[in-house]
1. Using θ = phi - 60° and the Karplus relation 6.51 cos²θ - 1.76 cosθ + 1.60, list the HN-Hα couplings for the stretch 383-390 in order, rounded to whole Hz, with x at every Gly or Pro.
2. Limiting things to C-alpha atoms, what are the Rg and the maximum Cα-Cα separation (Dmax) for the chain, in angstroms?
3. List the residues, sorted by chain then number, that are 5 or more residues from Ser597 or on another chain and whose placed amide H is less than 5 Å from its amide H.
4. Using 16 Å as the cut-off for backbone N distance, which residues of the stretch 284-307 belong to the label zone defined by a point 7 Å from the Cα of Thr322 along Cα→Cβ?
5. If you take every residue apart from Lys30 with its C-beta less than 15 Å away from the C-beta of Lys30, what net charge results, scoring Lys and Arg +1 and Asp and Glu -1?
6. Go through Lys92/Lys194; Lys153/Lys491; Lys283/Lys573; Lys250/Lys573; Lys118/Lys501 and tell me which ones have a Cα-Cα distance over 31 Å in this structure.
7. Rg and Dmax of the stretch 167-302 over Cα atoms: what are they, in angstrom?
8. Just the C-alpha atoms of the stretch 433-542: what Rg/Rh do they give, with Rh taken as the Kirkwood radius?
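Read-outs throughout are calculated quantities, based only on the coordinates presented, and are distinct from any laboratory measurement. Remember, predicted model here, so these are calculated numbers, not experimental data. All Cβ positions, glycine included, derive from the backbone under ideal geometry; neighbour counts span all protein chains shown.
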Amino acid sequence: MVLIKWLARIVLNLFFQARFSGLEKLDFRKPTILIPNHLSLIDAALLATRLPEEVTFVVNTRIAKRFAPLIRLRKHIAVDPMNPYSVKQMVKTVQKGAPLLVFPEGRINTASGGSLMKIYSGVGYIALRTGATLYPIALNGPERSKFSYLKHKIRQVWFPKVTVQIGDPFTLDYDRSQSMKSQKERAAAQIQKKLEAELVSSRVKTGINLFNELLTAAKHHGYNFPVCEDLSQTFTYKKLLTASYVFARKLAAELKDEPGVAVLLPNSAAHLLVLFALFKLDKRPAILNFSAGETNMRIACETASVRTILTSRQFVDKGKLTPVIESLGHKYRVLYLEDMKDTLRMSDKLSGFADFLLKRKATVNNTEIVLFTSGSESVPKGVVLDHANLYANMQQTHTVMDINARDVFFNAMPMFHSLGLLVTVLPVLNGVKVFLYPSPLHYKVIPELAYDRNATFLFGTSTFLAAYGKAAHPYDFQSLRCVIAGAEKLKDEVRQLWVDKFHVCPVEGYGTTEASPVVAMNTRMWHRKGTVGQLLPGIAYKLEPVPGLEGGKLLIQGPNLMKGYLLHEEGFKPCPEWYDTGDVVKIDEDGFVTIVSRVKRFAKIGGEMVSLNQVEEMATSCYRDANVAAVSLPDSRKGERIILFVTQEEHQIQTIKQFVKDHGHSQLMTPSKLVRVEKLPILGSGKPDYVALKKLAEEPAADEGANAV
């Protein structure tokens, strides 16, 4: 028997090259339960090669019969999930002092290797009954093996590399005054969160270059997998890598000693190619917001200290940006993709193809990306993200969102928007196809394209989703299985429109450019209407009290947080230990986050704090057929006053004044002035442009289309 165990261990470790970490943390002097995620039929066998002999494995009776010769090599309990006595048997085993290994998902993952399936409450019950210490164990790799249940969802191989990470022990936090059912549910939720956090911890990396991660993704998912598409071309991994190598060589000759370059391009396969070519060169791309106007683009270039702008003649022409580019061209060199393509020589192409054959890796000397804040409240700041920050946020998102090779991401959010960048790179590095569309404003075209490309994931703001929903045929979104809203609050009427018309419920998320960007999101498993979901695994938080307000200002920590800011004419400012989001939030006992408002989005009227976001929500309920936005201005009598912009001419301020009274709202929420506009100024991210609105409110001309209380 000893010889057989030794041989099994040698064979499994040889073929799967399993790397274990954290074994030294195990302490079995107290009741202990080990809780790994479950990815394949060989998980238990792999764990058995290195875990101590006293560990008892819990195995499904069907699996125990199928793999009897291997199962007999270790202590085990064969259980029938439908038999309640199985749990009692496990409780007795732990109470006797034997460490127990049980897969809390209760079955092999069939959704996605990156995310967990539901956690059964039985494991929580065992821990509650025994007071056991739990050890989360993160398995990575077996999902890619022929022994997983993910055929057609992940490209499988016989012997993938496997990593096993054993996390820090924890005990359940419970309330004996609750019913046992409630205690079990809360225990299962705690186990889920701990295991998700361990999975993220096992997957995040430091000192990485996303180009090298592209090489790994191509190897895992197949070089001929079509990973990116736009209106004019499709990139397989092979084509994307080869083109990146070729273009990198061309850019190296052009940029020479320049550490970074400004990129002014729409969502397209060419934009993705440019980014990976720059990653290969260790050049820092500063992605410009082409909707920000010449002044803000000039400020962005100055902030990022670039000397060259990389763009496309076709894009400049179609986007009517010629005057802007001509003006910027007086100070910055402008390189056009078309010109660089036309000057490619055969030697460039052959050298690039040779690089692909040799799979040459990039260095990790300068792995930064610069994005710019939306400028909705002030002059845009440069946000310096490391490749490791973006990669961490991908892992955090992937851990709570099941995606696989059958999915198609439809992304019309521009890459200068942090969400647009994430949902472009995330699928590409995880074997999922992404379709890139150049503008989120083509409300009639996007539903047709989503239908034509069989999109399964769609991303947008509440404003964009409302427009798509109104323009689309009820069958256009028949293939969608997930719609994610961010950047602004998802309005109830937009959510209901999608549910009624398409039978799809959009889920709301929350993020900030500084966090690469996702901080919290609702998922199909964990969802609560009116919230932005739970914080992603791996993100720590604390709330800083704000006088006069419920909840607190949200401060966060995590591997996805930026390196720091680039401030115009000031230089680099490193990210503090705790990043202040500037948002006032409430977090309930289940971890769901409700955004109250931005700290800067409050008006102080008569000494009281009034949320401008809540004023907008109230105004939306009052003026249901209009778009609204609220700003505040100084007031000599009350401190500040509220100006409300509406997009319908017939509305009067008396209407909202009566609405406030009828619905019991505070009189402080009543706008002092109503300004009628044809349409609200919108940033490229889909958010209202509050800077422009505030300037408009300050102009005497605003009084012409206004009426006051």
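1. 9, 8, 10, 7, 3, 5, 5, 4
2. According to the Cα coordinates of the chain, Rg and Dmax are 27.6, 92 Å.
3. Placed amide hydrogens put Val584 under 5 Å from Ser597.
4. From the stretch 284-307, the list is empty.
5. +1
6. Check vs 31 Å cut-off fails for Lys153/Lys491; Lys250/Lys573.
7. Calculated on Cα positions, Rg and Dmax stand at 22.7, 70 Å.
8. Ratio of gyration radius to Kirkwood radius: 0.97.
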